[in-house]
Each structure stands twice: as structure tokens, then as C-alpha cells.
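The values are calculated or read from the model by the stated rules, or taken from the named source; none is laboratory data. No experiment lies behind these values; they were computed from the predicted model shown. Glycine also receives a Cβ, built like all others from the backbone with ideal geometry; neighbour counts cover every protein chain displayed. Side chains are part of the model used for accessible areas, which takes the heavy atoms of the whole protein and leaves out ligands, DNA and RNA. Shrake-Rupley method; radii C 1.70, N 1.55, O 1.52, S 1.80 Å.
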Amino acid sequence: RTSGRCCAERHAWRRHYKVTGLFLVAADLILAYAKDIFVFACASAFASSASLNTSPVGDATEPILFSYEPEVAERVSRATGEPVPCLQHDFPEFCSTPDKKRQDLLMIENLLRQCEFEEILQVCPHCDVKWIMLQGFLLRRDFLYFGNTTLISMKSESDNFENTESAMYTKNARVEPGSLKQCKQPDNVDSQASWTAQLIGPYHSTGGNDWHSVMYNDVGQFSRELAKGEVWVTAYAFLPLDEDYNSLGVPPIHIHHEHVTAGQDAFRYARGTIWGPKNEFGTMSIEFDVHGDRQCLEAEGGVACLPIMLPKGFGMKIIWPMQQFSDLNDVRPANSALLKWYSSNIFRWTRKPQRIVARFVGGISFSEYTGEMAICSGALNFLCSSVSRALGLTSHDTGLLVFDPHAPTMAQYMWWGEFNFRPYNLTFFEIFFHTHHPYTADMWLIGGRASNVGLGFGYFAEKHLNLTAFGMTIDGAADYLISQARMTKTKILCTMNQKRWEVVDGYAQARKAMGICAKPFDMLMNDVVTMVSFHKPVQPITSVVQHNQHAFWYGYYAAKIPGERVPNMIGQKVIQDDSKY
């Protein structure tokens with residue numbers, strides 16, 4: 001089948017579902033107040049099983065070896081499989097040893113033990129599934145609408161549901177009582193800095209991959225502080241904690257996701273609208289987030305990698321109040337001993353201006369394939385959203401991967417996309433990758449346009465490519481990209497460290513996948529970076545898997561020219577259409 005025919009079929013389906021979407025929106029308006037009919041029926045449609053970052057010991061416990069060898073200029077050799085402790089970037093102060101990370105974590109835990117927490121908010125007792133569906137879907141309200149008066153905490157049991165909406169909107173989901181408490185303390189070293197710690201919970205769990213979903217506005221009560229002056233965060237940590245304020249890694253607690261952000265909204269996110277308002281720079285912010293693959297290998301610091309500790313003189317500027325939404329799982333075997341635990345948001349901050357260091361979060365976009373906006377429209381599109389999700393047409397920032405162990409050849413995929421940061425001149429460092437690792441083989445950053453490495457035409461015109469359908473493999477596609485890079489003298493900036501698995505209690509756990517980069521790289525205003533990701537099961541599977549995957553790269557950046565004004569945070573690319581550059 002030619003790529004042109006595939007493209008034509010896809011556009012035909014898109015036109016069909018646009019018409020279908022308009023019909024469903026009309027039905028929305030008629031049935032808007034019959035919410036009880038939909039709540040659990042649609043919730044069951046949302047629910048699709050998928051694995052968390054817990055897989056039986058298998059091939060994934062060893063670094064994956066490929067036939068290709070990406071040429072990263074002045075790179076650290078992939079052949080050794082040795083982890084890169086930190087990048088030798090322009091700011092050597094950022095390099096931190098595992099021992100230093102553990103000392104920082106212990107300091108934070110001791111700070112929490114010294115805190116005198118005061119309750120500022122109790123979990124909303126009536127904010128159950130029906131209330132969330134009414135407010136977030138039928139009335140189309142954003143969670144920000146409820147200000148800093150509402151703390152939502154839900155618990156549900158499930159068989160590895162994949163996304164927030166899958167877990168929270170099931171029949172067994174219910175309100176989990178608890179509260180939000182806060183403590184403020186001065187910093188012991190910097191007299192101009194303070195610590196703000198918030199404690200959420202308690203949660204009670206007995207394993208079985210249950211779900212604990214939380215959302216609240218005005219994290220750290222920074223709206224009050226922003227009204228008084230500038231806020232610069234110099235340290236941040238999101239930590240699951242036991243009753244004695246010891247940090248809990250995975251296992252037992254898996255952080256499916258935790259976002260503290262001014263650029264996203266929990267209700268909009270559940271409806272499929274990933275990105276929210278833009279800031280004064282025209283960019284979108286995810287100031288802080290933690291996922292299940294953010295914990296390091298034990299030898300590299302383990303759970304001590306979760307805190308962000310910036311060196312003296314550097315800070316992340318907060319410009320808007322932020323919202324938290326998170327999903328946590330107890331991944332111990334079902335019916336384990338009862339565990340009482342908490343989650344926490346911890347900030348060290350100051351009003352003293354710092355040299356800005358900021359955070360980039362960006363991934364390969366599939367809005368043309370899965371975006372709700374391409375299918376549903378109108379003020380009330382709850383029914384349309386539900387049907388489109390049930391059909392697999394919308395799934396946040398993800399693309400669908402299908403693996404069939406009974407097929408003659410197991411499917412392998414390649415995705416790609418371009419990023420441009422005009423009009424800013426940035427230096428990127430501390431690159432790492434986020435994905436669902438059981439189905440990701442490798443991820444690359446390439447310094448230049450996709451066309452430099454042969455992408456964008458022929459077999460590689462599609463950005464979401466089933467390699468197997470065209471008789472190709474990941475190794476073959478990678479070799480092709482490398483040969484094109486050699487001919488055009490294009491640099492491969494970073495690849496993904498394959499030493500990213502750790503066996504704990506007989507299960508392979510995905511750990512933080514740092515980028516293997518030769519050095520920091522500059523992104524000047526007219527530069528483009530191409531991201532490529534390769535996907536296949538990295539260990540044997542026994543049944544058909546339909547997996548909603550995403551591929552993101554993270555990095556910290558600073559102004560290439562000291563003093564130049566740059567965005568406080570960047571979510572996705574600055575220029576959505578960079579074809580003219």
C-alpha cells in the first residue's frame with residue numbers, strides 16, 4: 001500500500017468523523033442533563049488496560065544492543081553502557097554526585113520532620129465521580145474555576161488503567177478523605193530564602209496497582225506571594241512519604257504523573273485539551289512534573305534524583321499561580337500490608353532575582369491523528385468526547401501502538417518531529433527522556449531539519465510510521481538516518497541511555513533515561529532540532545497490546561547570551577509552524 005493511499009484513507013476517515021462529531025454535539029445539547037445515564041457507561045469506555053512501569057524480569061533488564069552506532073560528535077561511547085553522571089555543560093555547578101543528591105534528600109526529609117504543619121484545606125466530600133463529570137464535562141468548567149477552595153482526592157482499584165480519566169471515572173472510584181497541610185520555614189543557609197512544604201493525605205493502600213488521584217489550585221499559595229513581588233524557586237521536590245517522612249520510591253509507590261503547572265488544567269486535560277494559556281512570551285509552561293521514570297538507578301542516587309536543587313545564583317522564575325494534578329499507584333502485590341502514606345510539594349524560594357534557568361518539555365505531536373479538536377466541537381461535547389475516546393481517536397498527547405505476538409512479524413514503529421525556538425537563543429543541558437519504556441527502543445535528538453536525515457518524503461513522509469508495514473526494521477531505519485546524517489554532516493546531539501532498568505523484588509522497573517550527549521548544545525533562533533523515537537516491545541509479550549504511547553524530551557536551558565530575556569518555561573515548541581524558517 002502506498003503512503004499516498006494511506007494518507008487519502010486517513011483524511012477520508014477524518015472527514016467522516018468531523019461530520020459524525022457535529023451530529024454527536026447536537027445530541028450533546030439534547031442529552032446534557034441526563035448525566036447519570038452516561039457517567040458509568042462512558043467511564044467503562046474510557047477504561048483500557050495497559051501495563052505500568054512494572055514488568056516481570058526479562059530481556060529489558062539488560063541494555064538493548066543495536067546494530068547501529070549513532071555518531072555523536074565528541075560523544076561518550078555507547079559501547080561501554082556506562083551511565084553519564086552529568087553533562088559537562090557551560091555551568092559546571094549543576095553537576096551533582098549521587099552522594100550529594102542523597103545528602104540533599106536527607107536535608108529535605110529532616111526539614112519536613114521539623115515542620116509544624118497547619119491544615120489549610122480538607123478534601124471536598126461531595127466531589128465524587130458524578131460531580132467531576134458534571135462540572136468538568138457537561139458544564140465544561142475548568143478546574144481553575146473553583147479557585148483555591150477545592151481539594152479533590154479520589155481512590156479507585158483497577159487493573160493497570162493507563163490514564164487519569166480511566167481510573168477516576170470508574171464505578172469503584174470514590175472520595176478519599178484527607179487534607180492539605182502547609183508549613184513555612186526560613187532556609188538555614190540563605191537568609192533571603194524560605195521553604196514552603198505542603199502535605200497531602202493520608203492515603204491508605206494495600207497494593208494491587210490502585211490509584212490515588214489528587215488535584216488542587218494555588219500550589220504553595222504562591223498567588224499571595226506573587227501579589228507582593230517576584231518569586232524565584234531554587235529547589236523543588238515532589239515526594240511520596242511514609243508516616244515518618246521517609247521518601248518512598250517505586251516500589252511501593254509509582255508516580256504515574258504529577259504536574260505543578262500554570263499552563264495546564266486538570267479538567268481540560270481530562271477532556272483531551274493538553275495545553276492551556278500562553279504566558280507573556282507566547283509559550284506554555286509545565287513548571288514542574290514527575291513521572292514514574294524519573295527515579296534513577298540506585299547507584300546513581302535512586303529516589304534522591306527526584307528533588308531539583310539549583311546551584312547558588314540560579315533560579316526558576318514563577319509568574320503565575322500553579323495547579324497540581326497527580327495520579328499515584330501502590331504497585332505492591334494485591335492484599336499487601338496496609339500502608340499509610342502522603343504526597344508532598346516542597347519549594348525553596350526567594351524574592352532575590354536569580355540568573356534564570358528554565359525547563360523545556362516537548363514531545364512529538366499527534367494532534368492531526370488524535371486531537372479532540374479535529375473531531376469534536378461545540379460548547380458541550382461530552383458525548384462526542386466519550387465516543388471518540390471509545391473509538392481510540394483521542395488520547396491526549398499520545399499515538400497508538402499495536403503489537404501482535406501472533407503476527408508473522410512483530411510491529412516496529414518510528415516517530416519524528418521538529419522543534420524550533422525562534423526568537424530565542426538558548427543553551428540546553430541535562431537532557432533526559434520520558435516515555436513508556438516497555439515499548440520504547442531508543443530516542444534521538446538530531447541537530448538540524450528532518451530533511452537533512454532523509455525524513456519528510458517517500459516512506460518517511462509520515463511522522464507516525466509503522467516500519468513493519470513497509471518491510472523495514474528499527475535497525476534498518478536507524479542505519480538509513482545515520483547514513484543521511486553523514487552525507488549532510490548533520491550531528492546527532494543525544495541518544496537515550498539504554499542502562500535504564502533495575503530489578504526490584506523480581507520486577508523490572510524503568511529508571512531515569514538520561515540523554516547521552518557529547519556536551520550541551522545551543523539552539524539559536526533559526527536552528528531546528530529533530531526528535532526521533534523508535535518503538536517496539538523490549539521484552540516478550542504473549543497477547544495483543546494496544547498501547548497509547550508518547551515520547552518526550554526534557555531539558556534545562558539558559559540564555560545563550562547572559563542577560564538576554566528568555567521564557568521562564570517552555571512547553572512544546574515555541575513556533576508551532578516553522579516551515580518559513
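On the basis of the beta-carbon distance and an R0 of 41 Å, Ser179 and Ser483 show a calculated FRET efficiency of 0.10.
Based on the Cβ-Cβ distance of Thr273 and Ser223, what FRET efficiency does E = 1/(1 + (r/R0)^6) give at R0 = 35 Å, to the nearest 0.05?
0.95
Please identify every one of the GluC sites (Glu not before Pro) in the range 271-372 that sits in a loop by DSSP and has no more than 14 other beta carbons within 10 Å of its own beta carbon. Hits after loop and neighbour filter: Glu280. With the cut-off at under 12 Å, measuring from each backbone N in the range 418-462 to a point 7 Å along the Cα-to-Cβ line of Asp404 picks out no residue. Per residue, the convex hull spanned by the Cα atoms of the range 249-317 amounts to 108 cubic angstrom. Near the amide H of Arg355, within less than 5 Å, lie the amide hydrogens of Phe314, Gly315, all on another chain or at least 5 residues away, with H placed in the peptide plane.
A simple rule links phi to the HN-Hα coupling: the Karplus curve 6.51 cos²θ - 1.76 cosθ + 1.60 with θ = phi - 60°, which for the range 470-476 gives 10, x, 10, 10, 4, 4, x Hz, with x for Gly and Pro. Taking 0.36 nm per residue of separation and subtracting the current Cα-Cα distance, fully stretching the chain between Met525 and Asp505 would add 2.4 nm.
Given a 1.4 angstrom probe, I'd like the percentage of the accessible area of the range 250-367 that is carbon and sulfur, rounded to a whole number. So the carbon and sulfur contribution to the accessible surface is 54 percent. How would you classify the range 182-321 from its alpha-carbon gyration tensor, with a ≥ b ≥ c the square roots of the eigenvalues: rounded for a/c under 1.5, else prolate if a/b is greater than b/c, otherwise oblate? In terms of gyration-tensor shape, oblate. Backbone N atoms of the range 324-351 closer than 15 Å to the 7 Å Cα→Cβ label point of Asn246 belong to residues 339-342.
The alpha-carbon atoms of the range 242-367, seen along their principal axes, cover 49, 40, 25 angstrom, with the largest extent given first.
Compute the Cα gyration tensor for the range 402-476, then decide on rounded, prolate or oblate, letting a ≥ b ≥ c be the square roots of its eigenvalues: rounded whenever a/c is under 1.5, prolate when a/b is larger than b/c in the other cases, and oblate in all that remain.
Note, shape of the range 402-476 comes out oblate.
Of the solvent-accessible surface of the range 467-557, computed with a 1.4 Å probe and all protein chains present, 53% belongs to carbon and sulfur. Rounded to the nearest whole Hz, the Karplus-based 3J(HN,Hα) values (6.51 cos²θ - 1.76 cosθ + 1.60, θ = phi - 60°) of the range 552-568 follow the sequence 10, 10, 10, x, 9, 9, 9, 4, 4, 9, x, x, 5, 6, 9, x, 6, with x at glycine and proline. The amide H of Thr283, built 1.01 Å from its N in the peptide plane, has no neighbour under 5 Å, considering only residues 5 or more places off or on other chains. The accessible surface of the range 174-215, taken with every protein chain in place and a 1.4 Å probe, is 49 percent carbon and sulfur.
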